[in-house]
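Beneath this line is the structure, given in structure tokens, with notes to follow.
Just so it is clear, none of the values below were taken in a lab; they were calculated from the coordinates. The shown structure was predicted, so the numbers you read here are calculated from the model rather than taken from an experiment. Don't worry about glycine lacking a Cβ; one is built from the backbone with ideal geometry, like all the others, and counts go over all protein chains shown.
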């Protein structure tokens, strides 16, 4: 044994190896201690409840909590309050390390926009299905006599027509005017000659009739042109079914309008 100890004492390189190993363990101990201090190893904090906090108050809310947050999605809730946190990840009361990022889901202030689908000429069932697929709501139907039974005649929002392709808020209520077929009730055909198209359409609506195929002479000027001919012609007796259509012919030629007026004043 003494010979072995004497051997090591007289070998300087072995002393150096021992010192190197000691320094290595000492360095590793210092590094691990520093990492524990830097990462707060074993130290956690409880995640608070973000639910209901307003977006504008989030910075103040996390100021003393040693946490960070990030809004990753916004959801539109027409029935709930706007601009608040409704969900979080991680959930409340879960222990996490300091400076952990909490991911938040909030309610948006404004509803997303969608495109109004083309519902006109669709069946009522098709129209309702399309409204649901676009995130829109089906409102109250209004029925009027028309040759196309159960067909969508107009699509309205708050009483105003909305054309297909228009941008509209998701969740908007869309009312539909639905054709109920021709009624057995008969009405007279009003005399529309000499009227502009807008006035002629108003007159037709008064008698529960609809416009058929409009024909305009060249050059087309649907605002100034007036009716000079109609099919069927005006009648004094109820001889056409309610909801039927009347074809209108328009012109801005004075001689044709004068001839139509003369026929009106001097019926054959």
Subject >> Rounded FRET efficiency, nearest 0.05, which uses the C-beta distance separating residue 236 from residue 166 and R0 of 45 Å >> reply: 0.60
Subject >> Part-to-part distance (alpha-carbon centres) for the range 75-94 and the range 121-155, which is given in Å >> reply: 35
Original post:
What span do the alpha-carbon atoms of the range 113-179 cover on each of the three principal axes, reported in whole Å from largest to smallest?
Top reply: 34, 21, 19
Original post:
Highest mean first, what order results for 80-90, 166-176 on Cβ atoms within 10 Å?
Top reply: 166-176, 80-90
